[in-house]
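A short write-up of the structure that comes next.
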Amino acid sequence: MPAACESVLEDIEDIVSAEDLKPHDRQFVRKNVFPKVRKRNSQKNVQTDDEPPSDSIIPGVQKIWIRTWGCSHNNSDGEYMAGQLAAYGYKITDNSAEADLWLLNSCTVKNPAEDHFRNSIKKAQEAKKKVVLAGCVPQAQPRQEYLKGLSIIGVQQIDRVVEVVEETIKGHSVRLLGQKKDNGKRLGGARLDLPKIRKNPLIEIISINTGCLNACTYCKTKHARGDLASYPVEELVDRAKQSFQEGVCEIWLTSEDTGAYGRDIGTDLPTLLWKLVEVIPEGAMLRLGMTNPPYILEHLEEMAKILNHPKVYAFLHIPVQSASDSVLMDMKREYCVADFKQVVDFLKEKVPGITIATDIICGFPGETDEDFQETVKLVELYRFPSLFINQFYPRPGTPAAKMPQVPAAVKKQRTKDLSQLFHSYNPYDHKVGERQRVLVTEESFDSNYYVAHNPFYEQVLVPKDPLLMGKMVEVNIYEAGKHFMKGQPVSDARVHTASISRPLAKGEVSGLTEEFRRSAQNGTNWKAQPSAEIPVKTRLSSWMALQLPWQQERGGLKILSVSLALLAVLVMFYYGGTKTEL
């Protein structure tokens, strides 16, 4: 794959390929230009209007495979990128082998995730695929050797993925890594009303802010997502409304720290949540994302009221990471174990039955056996039904990577010991025989059941009856496992449908606003549909005529650049006196 021009660019128009002639070279080339004879009536060379040539670089006719690793925020970014590409005419495929380009959306939290990302890049190159990289790994460290010569789309530049893909397909290497700002103030990221393809048409993931206020010594994500930048309440509410109009029945709020939401724009998380609750239809639910203890402490009373609301899951993910204050200090977590306990105890008292999920890092630098035993006692005390146990991995460039490390064997043993403790208790056994209200949203991994969640966001498996999907139903719990319960629908129970709108089909593009549709109609008859269904001539004219709404702010510069380039070509051939078939 040629690294035609590897540089950090402010805009696509700055690109000049290594294969492009320099101005002073053109006069020496003219004498070697010969007219190309057009063959007539040769059936071998006849190209139908509906099929592009095999080496076509017409934008919008290629197939793209997208792979995303990591958190729900990253998954939302992947959905937005897929939606824009599909809306522009590219075909999103689940078959990596048939794809012309791989879009790899990475996670930098742990070493194994980055290893998978690196291996996927290698596989793409071996398969001679074009590659575009996204996510936190290239944003945090774009100059790593294995990223050399590859196109990168930054975490705040996902609204320009179409441009980056176009240029990559042409053989250019493009890197857009800048931050979005308004009058010098950093914004939350790309617009929320961009087209997207939801992985699950029933679930909308909304990133309420990006970045955070912390500086944890082990965290690499901070290097990529940066400081806190929140979206305005009005934009988030509008996004939720649009989602419900498209048949969504469950919304996930996500960010690097939802509890810090609004501190940079003069508002807070409870204010946003109360506004969102107003627009949730009957039969739909809202799930809160991860929040660190310091930023939820001052809102405990309001958060308890919100978590008791019938349209909000009584669920909160609060990472503790360690039950040792000395370890927390080395992590720069900005709270102590007592703060975490205060949050959990208060919410358990005020929100009966609430599910508290937490994270723990085993073997952080400097963690002693005594420190680890404090963490074990915390798990024994609260018996968390959802516990994410992570062996510590030093991430390059973080302060924790420079600290004296706990031996690998010790880290592994502590991780094993804590996992054994977690699996020694069954949190749902006492719920067998209960009658619960559940919302059905997806299919189980083994495809034998549908997956639903009760008001505490506990997983309930129900029979695979298509009539249940997207519905809120009542079930009798007849079995419990470590991570799930099984329920049988009650025959005489009322069924709630969350939205009067039909959910979008899997793979269907969301967010094609009237603004977008008007732009498409005014330009050509182009419509967002699989590229294989659009004749090549239509696709080419659409590409030339249609400026997507989310790209219009740069339209003038791009049109000017293209016009100047065409003028230069005309002048060159006029004075060169040679006719050439282009």
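List the pairs from Lys129/Lys170; Lys128/Lys148; Lys241/Lys486; Lys122/Lys416; Lys311/Lys471 whose alpha-carbon separation is above 20 Å, in the order I gave them. If you can, show how the numbers build up before the last one.
Values: Lys129/Lys170 12 Å; Lys128/Lys148 16 Å; Lys241/Lys486 32 Å; Lys122/Lys416 32 Å; Lys311/Lys471 14 Å.
Pairs exceeding the cut-off: Lys241/Lys486; Lys122/Lys416.
Indicate, rounded to the nearest 5 percent, the antiparallel portion of the DSSP beta bridges found entirely in segment 430-497. Show your work: numbers first, answer last.
On the way: 20 of 22 bridges.
Roughly 90 percent of the DSSP beta bridges within segment 430-497 come out antiparallel.
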Given a Förster distance of 45 Å, the FRET efficiency implied by the Cβ-Cβ spacing of Lys181 and Ser424, rounded to the nearest 0.05, works out to 0.35
Taking the Cα centre of segment 240-296 as origin, sum charge times position over the Cβ atoms of Lys and Arg (+1) and Asp and Glu (-1), and report the length of that vector in debye to the nearest 20. 60 debye
When the charge dipole of segment 430-497 is computed with +1 on Lys and Arg Cβ and -1 on Asp and Glu Cβ about the Cα centre, the Cα farthest towards its positive end, among Met485, Met469, Gln436, belongs to Gln436
Classify segment 430-497 from the C-alpha gyration tensor, please: rounded if a/c falls under 1.5, else prolate or oblate depending on whether a/b exceeds b/c. oblate
Using the Kirkwood radius over Cα pairs, work out the Stokes-Einstein diffusion coefficient for segment 59-182 at 37 °C and 0.692 mPa s, in µm²/s as a whole number. 231 µm²/s
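With both partners inside segment 296-450, how many of the DSSP beta bridges are antiparallel, as a percent to the nearest 5? Kindly include the intermediate steps, with their values, before the conclusion.
Details: 1 of 11 bridges.
Restricted to segment 296-450, the bridges split so that about 10 percent are antiparallel.
Loop only per DSSP, at most 14 neighbouring Cβ atoms within 10 Å: give me the chymotrypsin sites (Phe, Trp or Tyr not before Pro) in segment 350-428, ordered by residue number.
Details: sites: Phe372, Tyr382, Phe388, Phe392, Phe422, Tyr425, Tyr428; in loops: Phe392, Tyr425, Tyr428.
Of the chymotrypsin sites (Phe, Trp or Tyr not before Pro), the ones in loops of segment 350-428 whose Cβ has at most 14 other Cβ atoms within 10 Å are Tyr425.
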Taking the simple approach of a point 7 Å from Cα along Cα-to-Cβ for both Gln488 and Asn448, what is their distance in nm? 1.7 nm
First measure r as the distance between the Cβ atoms of Lys350 and Lys123, then evaluate 1/(1 + (r/R0)^6) with R0 = 35 Å and state the FRET efficiency to the nearest 0.05. 0.10
Estimated distance in nm for a label pair at Glu380 and Ala215, the labels positioned 7 Å out from Cα along Cα-to-Cβ: 3.7 nm
In segment 384-473, trypsin sites (Lys or Arg not before Pro) in a DSSP loop with at most 16 other beta-carbon atoms within 10 Å: Lys464
Compactness of segment 201-357, expressed as Rg and Dmax over alpha-carbon positions, Å: 15.7, 49
Ordering 306-314, 359-367 by per-residue average of other C-beta atoms within 10 angstrom, highest first, gives 359-367, 306-314
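Values quoted throughout were computed directly from the atomic coordinates according to the rules given, and no laboratory measurement underlies them. What you are looking at is a predicted structure, and each value in this text was computed from that prediction instead of being measured. Ideal geometry is used to build each Cβ from the backbone, glycine not excepted, and the neighbour counts take in all protein chains shown.
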